[in-house]
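Only one structure is covered here, and it is reproduced in the block below.
The values are calculated or read from the model by the stated rules, or taken from the named source; none is laboratory data. Just so it is clear, the structure is predicted and the values come from calculations on it, not from any experiment. Backbone-built Cβ (ideal geometry, glycine too); neighbour counts: all protein chains shown. These accessible areas exclude ligands, DNA and RNA; they are computed on the full protein's heavy atoms, side chains included. Shrake-Rupley method; radii C 1.70, N 1.55, O 1.52, S 1.80 Å.
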Amino acid sequence: MPSPEALVSALADPERLRLFAQVCSSPGGLPEPVDRRTRKLARRLAAAGLIAVDGGRCRAVPEVFARALARPPADPVEALFTKGRLVAVPRPGKVRQALLARLADGFEPGRGYTEREVREKLGAVHDDHAALRRYLVDEGFLERSNDGSAYGRPSA
């Protein structure tokens with residue numbers, strides 16, 4: 001669940017804001033972008049929870065605003081983020097577990113993800129996506145196939 005700051009940060013770029021407005025004004029959603037620049041903009045909006053990419057279409061997720069405002073204050077995990085980006089990975093302990101749980105919430109249980117999809121999701125919040133992926137797998141928040149090409153969030 002993103003913070004209000006993370007939502008504002010994601011919409012602070014004029015190009016992302018324009019893309020978000022186009023997605024919001026399209027009742028059936030927009031076709032998934034094919035050009036590299038627009039795909040990057042869409043990934044950032046999706047990482048913030050503002051849009052969902054499903055079935056080749058980008059759709060707005062307006063309830064993200066209500067959820068962001070409804071969250072309780074003084075979240076220790078939130079202190080790890082600045083402008084929607086993870087600035088510090090805590091040492092092992094309760095705060096790291098809470099961070100990993102929050103990152104795992106971005107992965108749908110039972111759905112398979114390619115290594116590239118995992119890299120893009122985690123790279124949207126932190127530069128060292130490989131470390132985050134390793135922590136998620138090591139702590140059981142994500143499962144990795146034997147060949148390392150597929151990932152998934154455990155159902156239970």
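For the subset of the range 126-156 comprising residues that are closer than 22 Å to Arg44 by Cα and among the acidic types (Asp, Glu), which member is surrounded by the fewest Cβ atoms within 10 Å (Cβ to Cβ)? The extreme case among them is Asp127. When each of Gly123, Gly93 is tested for being farther than 25 Å from Arg39 by Cβ and either open to solvent by less than 50 Å² (accessible area, probe 1.4 Å) or of a type in the set (A, V, I, L, M, F, W, C) (or both), the lone residue that passes is Gly93.
Does Gly106 satisfy the criteria of being in contact with an Asp or Glu (Cβ under 8 Å, 6 or more places away or on another chain) and open to solvent by less than 50 Å² (accessible area, probe 1.4 Å)?
Answer is no for this residue.
One residue alone among Leu41, Leu30, Leu80, Leu99 is surrounded by 15 or more Cβ atoms within 10 Å (Cβ to Cβ) and modelled with pLDDT of 95 or more, and that residue is Leu99. Helices (runs of 4 or more DSSP H) fully within the range 1-99 that include at least 3 residues being touching a residue at least 40 places away in the same chain (Cβ under 8 Å), of a type in the set (Val, Ile, Thr) and over 24 Å from Glu117 (Cβ atoms): none found.
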